[in-house]
Amino acid sequence: MNPMNSYIRDLKFQMARFVLPATILFLITQSDLNAQYFGRTKPGYSNFNFSVLQTPHFEIYHYLRNDSLLKTLVRWSEDWYDIHRKTFADTFRIKNPLIFYNNHADFQQTNTISGLISTGTGGVTESLKNRVILPVAPTMSQTDHTLGHELVHAFQYNMFLNSDSSKLYSLKNMPLWMIEGMAEYLSIGSEDPNTAMWMRDALVSNDFPTLKKLSDESKYFPYRYGQAFWAMVAKTWGDSVIMPLFKNTARYGFDAAADSVLGFNEKTLSGMWKSAMELHFKPYLENRKDSLAGRMVISKLNGGRVNISPSVSPDGKYIAFFSERNLFTLDLFLADAATGRIIKKLSSVVRNADIDDFNFIESSGTWSPDSRKFAFVVFTKGSNRIAIVDVRREKRMNEIRISGVPAIFNPAWSPDGKKIAFTGTVNGVSDLFVYDLTDGITEKLTHDMPSNIHPAWSPDGRYLAFSQEVISNLPGRRRFFFDLAIMDMKTRDIRRLNVFPGAWNVNPAFSSDGSSVFFLSDADGFRNLYKFQLNDGIVNKLTDYLTGISGITPFSPALSTAREKAQVVYTYYTNNTYQIWSAGENQFRERTVDISFVNFNAGTLPPVQNTAPNRTDYVLANRQVSGLPADTVREIPYKPRFKLDYISNNASIGISTGMYRNNAGGSINMIFSDILGNSQLYSSLSLNGEIYDFGGQTVYMNQKSKIKWGGAVSHIPYRAGSMFLTLDSIKYGESKIPVQNLVLDYVRMFEDNVTGFAYYPLSQNRRFEAGFSMSWYYYRVDRYNNYYSLDGIGLGSRHEKLDAPSGGNYQQISLAYVEDNSYFAMTSPFQGHRLRYEIDKYFGMVDFFTALADYRKYFYLKPFSLAFRAYHNGRYGGAGTLSSVYPLYLGYPWLIRGYERISSDNEGGMGLNSFDISRLSGQRALVANVELRMPFTGPERLALIKSKFLLTDLNLFIDGGLAWSPGDRIVFDWNPANASFDQKFPVYSTGVSIRINVLGALVLEPYYAFPLQNGGFRNGVFGLNFTPGW
């Protein structure tokens, strides 16, 4: 073998090795620049002027104007710190940042978290700065619980971030149920009728998970099951095992940790956990079966798995409710109350692009007295508003913004149709308000620090029933509970009913004759329906269900009554689904109960009798929150505290030497931000090869105002090379000798770029974008001459720098309008639409405009999706420079599939692989695509074949397009053989593909296409695409 062959092979390998990193850097850069081609955007509708309070262990960032509430939050924060510190046997080395927003509508605009925040997110603890971010919730109880929950996460993150690295803690070893369940147990304890309801349901449904299933399957809610598991562990082995089990799981994984700390492996522990549940709940479940009042009208058979917040019309004919019936979104539907037939969709975030979200979890809607209009709460333009829709025409008639009340819950339309009562949160306090529809005046009805929720009118409009929060300091009693109250709307006098002291009595609703108030209560540890008789104060229990009447949370409305008909509609939780039932008022089996009786045994997580010291339940049942000394709390000026958040843990540097040159390699990535996330800086530096191959990029973003803006500077090298072997001669002594010269040429192109950009979100789904860019290009060419004797013996090498081509520069300005309310399935969008209209102007080396129009629409026709795309990209003007710009090309598989086997000659025809590549190129392109997308393997509710790990879609497609340049003649002829050289014609393909989601990191699309202008069905072509479905 000629030694030169080996050298050439090795050099090819080295070239690939050193060129590849630069290529990857280029691709990453392009990906980042195009990441927001589509996608939702978090708007910043309001500017918040934060103040800072320093307490013994926290820096509290807030803009609260209610001093009493602020002092309460300060005390609660320090109280939770003291409780958790004793469990974790740890403390914060520095004051931990704690960020409060006045309400959830403000919280949804936070910049501390980059992603969108849904209605169901109560708070967040992020890992970079260990910031705890949360809104003041509709009730004080929810705020206190969320604060306690998130501070558990702060201690957890503190352990991972600040512990000795030798302990080898890893979040990868932690099951989600263990992290979230711990936060729930340490902030609620084991007395929790809501979680107990979930556990009873799992037993009744014969679907109680093993710990392995809990880790592997998303159907089991990690908060509820995790809390139940930790309660069993703490009450069996004592609270002292909580941290050893948690830490050992972080080091070794759960199975090994359980075996070493508790003495049982995961499988055995699963059995013990289930046995504890069965033993405790057996007396409540044995020999019983629910006999439900009324008839089921909405279930997963005609709705979705989640059908919540029902509201029955006053005439009893219709039910409005929220449901994820269409799987990807939770929408507002209208159903026939008698048959359950879904009549129509009243509203959807897909259909209404200006709506960011519905307030659906802890708020229902309300009907007008004539049953023709329906009002509900939406999140739009930075606040909650009351939207009113005409039920018959599906038309939104009005959108009411209540001045000074940014957060709204549970509107209730008065019987005379003139007013809407609701709960509103102002400066962190939730009170009752009433809005006059005729003059637009809003009146505040209550003035309490504790919350007032769930207003309901009496049939004659004289009274307003509601649930009133009570804060108790009595040892052994729930710190927060809810009583029923009635306000006389003439005198504004309030009468408390004093029902089931210590229980959560919520969701009142008047009977059709106004003599009684229906309500939900957990007084017996379950969640059942009761009736309070106003004339004599007698309470009757109407249901005795094994699971309960409940929405997603204990505060979710789950009860509604028809004013003109003795009808009750309620949400029944069973088999991990929410059903809607309808019953006549006289269909319930009533029995009188003691109004003061409360027993939470059935709502307590087992074991009821502790076999080891259980500090958590005792502390939570006997909390006495005291004030802080005045000198321990002080206000300090707000400072952004811009600092390093993250540095890549793969930062490295390596140096290699060889007979041809020395090389170095390494990279580092850094993220900087301020405490509120208003300013962010991203920096990436990389060296792959010689010093000339150094590259870097720095991006700054400012998100404080409504218009988000930023800039970037970069220096990026691109390296290419060529290699050839030639005969040469070198001087040897006084003479020249013939040699072989292996010539290696490196061509480097350098791009220096300065970019500025801005975008203005109109909503989460719509935005304007603008930007400018200036780029400079220059070159360097290096030649390495490697000399060998004719028999392959190395003689030496010589490096020379060759003349480089002249560089150039260009500038670009752009303006775009973008919409995106699409929802992804496993590999591609399945519902909604996307559009992008963009105009760009290029200067410098080139001078032309580009116009882009890209519209995509997805119709989800369960279980399929029908997708359409219309796309145009064209260059206009600049006739003198367009010829120097590489033309647009249709043959990429993300545009038109199947035109891989084509020739480069100019002879058209319908023969196999005789298609001329120039027919696919031009300065303007028009593309249309149609796909029928079918989920093949994946989640059971979505795909034809259930699979946990293999996520795939089958697709039938038709692609078509046309590329042309100025001066070309466009003809519509199916046979390309009939077209002359200066004519362009549309090309088409059809075929089938399968998209594969590879661990959430990559989508592969192998396809088999028939290029109809290149052999048609006689010339099937296999291909591979590496992008998600358009």
> Pick from segment 890-906 the residues that are modelled with pLDDT under 90 and not charged (D, E, K, R): which of them is farthest from P1006 (Cα to Cα)?
Replying inline: N906
> Which one is farthest from N669 (Cα to Cα), of the residues in segment 700-729 that are among the hydrophobic types (A, V, I, L, M, F, W, C) and without any contact (Cβ under 8 Å) to a residue 24 or more places away in the chain?
Replying inline: L727
>> Quick check on this structure: which one of K862, K857 is at pLDDT 95 or above and more than 20 Å from Y760 (Cα to Cα)?
In response: K857
> So which residues in segment 715-731 are hydroxyl-bearing (S, T, Y), out of contact with any Lys or Arg (no Cβ under 6 Å at 6 or more places or on another chain) and under 22 Å from Y787 (Cα atoms), if there are any at all?
Replying inline: S722, T726
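Kindly indicate whether any position in segment 502-511 is over 19 Å from P450 (Cβ atoms), touching a Lys or Arg at 6+ places or on another chain (Cβ under 9 Å) and of a type outside the set (V, I, T).
yes
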> Just checking, how many residues over segment 453-472 are modelled with pLDDT of 95 or more and not in a strand (DSSP E or B)?
Replying inline: 5
>> Any residue in segment 1005-1028 that is within 27 Å of A979 (Cα to Cα) sitting within a Cβ distance under 6 Å of a residue that is acidic (D, E)? List the pairs, counting only those 6 or more apart or interchain.
In response: V1021/E900
> Which of the residues that make up segment 838-863 are buried (at least 17 other Cβ atoms within 10 Å of the Cβ), hydroxyl-bearing (S, T, Y) and within 30 Å of L944 (Cβ to Cβ)?
Replying inline: Y858, Y860
>> Show me the helices (runs of 4 or more DSSP H) entirely contained within segment 173-278 in which 1 or more residues are farther than 19 Å from T146 by Cβ, of a type in the set (A, V, I, L, M, F, W, C) and touching a strand residue (DSSP E or B) at 6+ places or on another chain (Cβ under 8 Å).
In response: 193-204
> When R641 is evaluated against the numbered criteria (1) at negative phi; (2) at pLDDT 85 or above; (3) surrounded by 13 or more Cβ atoms within 10 Å (Cβ to Cβ), which criterion, by number, is the only one it fails?
Replying inline: (1)
> Within segment 803-850, which residues are assigned by TED's automatic domain parsing to the domain that holds P863, more than 30 Å from P939 (Cβ to Cβ) and among the hydrophobic types (A, V, I, L, M, F, W, C)?
Replying inline: I839, F843, M845, V846, F848, F849
> All but one of (1) in a loop (DSSP other than H, G, I, E, B); (2) crowded, with 20+ Cβ neighbours inside 10 Å hold for R492; which doesn't?
Replying inline: (2)
> Taking D32, is it surrounded by fewer than 17 Cβ atoms within 10 Å (Cβ to Cβ), closer than 21 Å to N702 by Cβ and either in contact with a Cys (Cβ under 7 Å, 6 or more places away or on another chain) or modelled with pLDDT under 50 (or both)?
Replying inline: yes
>> Let me confirm something: among V470, V506, which residue is of a type in the set (A, V, I, L, M, F, W, C), free of Cβ contacts under 8 Å to residues at least 24 places away in the same chain and touching a strand residue (DSSP E or B) at 6+ places or on another chain (Cβ under 6 Å)?
In response: V470
> In segment 703-720, how many are closer than 24 Å to R131 by Cβ and surrounded by fewer than 17 Cβ atoms within 10 Å (Cβ to Cβ)?
Replying inline: 2
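Would you confirm whether or not segment 338-355 contains a residue that is modelled with pLDDT under 90 and charged (D, E, K, R)?
Yes, the conditions are met somewhere in segment 338-355.
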> Somewhere in segment 96-112, is a residue of a type in the set (V, I, T), over 28 Å from the mean Cα position of the chain (by Cα) and closer than 20 Å to T632 by Cα?
Replying inline: no
>> Tell me the residue from D106, D144, D79 that is assigned to a helix (DSSP H, G or I), outside the structural domain of R478 (by TED's automatic domain parsing), within 24 Å of T380 (Cβ to Cβ) and among the charged types (D, E, K, R), please.
In response: D106
>> Please determine whether any residue of segment 606-626 is modelled with pLDDT of 90 or more, under 30 Å from L285 (Cα atoms), touching a helix residue (DSSP H, G or I) at 6+ places or on another chain (Cβ under 7 Å) and not in a helix (DSSP H, G or I).
In response: yes
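Can you tell which of P450, P415, P475 is assigned to a loop (DSSP other than H, G, I, E, B), touching a strand residue (DSSP E or B) at 6+ places or on another chain (Cβ under 7 Å) and modelled with pLDDT under 95?
Within the list P450, P415, P475, the selection yields P450.
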>> Condition first: under 21 Å from Y570 (Cβ atoms) and among the charged types (D, E, K, R). Now tell me which residues in segment 344-392 satisfy that.
In response: E362
>> Would you confirm whether or not segment 514-528 contains a residue that is surrounded by fewer than 23 Cβ atoms within 10 Å (Cβ to Cβ), touching a strand residue (DSSP E or B) at 6+ places or on another chain (Cβ under 6 Å), in contact (Cβ under 8 Å) with a residue 40 or more places away in the chain and under 25 Å from F422 (Cβ atoms)?
In response: no
> Here are F208, F155: which of them is closer than 28 Å to V74 by Cβ and touching a Phe, Trp or Tyr at 6+ places or on another chain (Cβ under 9 Å)?
Replying inline: F155
> Within the bounds of segment 815-837, is there any residue that is crowded, with 16+ Cβ neighbours inside 10 Å and more than 27 Å from the chain's Cα centre (by Cα)?
Replying inline: no
> Could we say that Y746 is more than 30 Å from S383 (Cβ to Cβ) and not in a strand (DSSP E or B) here?
Replying inline: no
> For residues in segment 158-192 being among the aromatic types (F, W, Y) and at pLDDT 95 or above, which is surrounded by the fewest Cβ atoms within 10 Å (Cβ to Cβ)?
Replying inline: W177
>> For segment 845-853, check the following and say yes or no: at least one residue is β-branched (V, I, T), in contact (Cβ under 8 Å) with a residue 60 or more places away in the chain and in a strand (DSSP E or B).
In response: no
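The values are calculated or read from the model by the stated rules, or taken from the named source; none is laboratory data. For clarity, every value in this text was computed on a predicted model and none was experimentally measured. Cβ sites come from the backbone with ideal geometry, for glycine too, and all protein chains shown count toward neighbours.
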